[in-house]
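The values are calculated or read from the model by the stated rules, or taken from the named source; none is laboratory data. Not measured: the values here are computed from a predicted model. Cβ coordinates were reconstructed from backbone atoms using ideal geometry, including for glycine residues, and neighbour counts include every protein chain displayed. We work out accessible area using only protein heavy atoms, side chains counted, and drop any ligands, DNA or RNA first. Shrake-Rupley method; radii C 1.70, N 1.55, O 1.52, S 1.80 Å.
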Amino acid sequence: MLLQVFNPEIFTENWTAVALSALIAAVAIIGMFSASQILSARRKSDVKLTTYECGIPATPYIWSNINVRFYVFAILFLIFDVEAVFLFPWAVIFLQDQVTSLPFYAMMLFLAVLGFAIVYAWRKGVLEWQK
């Protein structure tokens, strides 16, 4: 009996739970927006209307130099983060597919390219923050 309660096929047949969840979510969202509108302060000032980013007061200069290391470091993080995302589905497929070794060699090629990329970035000094 307990397994029937958590059976996902029941939810496809009975849309009452979905409709009730959507109604509760809509009421919660409307309630939060209404509370924000009612409880918020309404006094405007020049300080409140200024642009605010990262705790640094806005300057009158339009152009500012940004070190390219931030960009390169972020791109490298994204590349190797995506690598980690690909490893889990590969492991699941690799464990299920015992007949061929194609997934294994495909991932070894993928890891070799990423290994080359990290060695290349390291040799170029991209990962060294202070020079």
Q: Confirm whether Ser40 is hydroxyl-bearing (Ser, Thr, Tyr), modelled with pLDDT of 70 or more and loosely packed, with under 10 Cβ neighbours inside 10 Å.
A: yes
Q.
If I ask for residues that are open to solvent by less than 60 Å² (accessible area, probe 1.4 Å) and part of a helix (DSSP H, G or I), which ones from the stretch 93-110 would you list?
A. Pro103, Ala106, Met107
Q) Got at least one residue in the stretch 79-100 being modelled with pLDDT under 80 and in contact with an Asp or Glu (Cβ under 8 Å, 6 or more places away or on another chain)? A) no
Q: Tell me, please, whether a residue that is among the β-branched types (Val, Ile, Thr), at pLDDT below 75 and closer than 30 Å to Glu128 by Cβ can be found in the stretch 63-71.
A: yes
Q | Qualifying position, being hydrophobic (A, V, I, L, M, F, W, C), in a helix (DSSP H, G or I) and open to solvent by less than 70 Å² (accessible area, probe 1.4 Å), among Phe88, Phe80 | A | Phe80
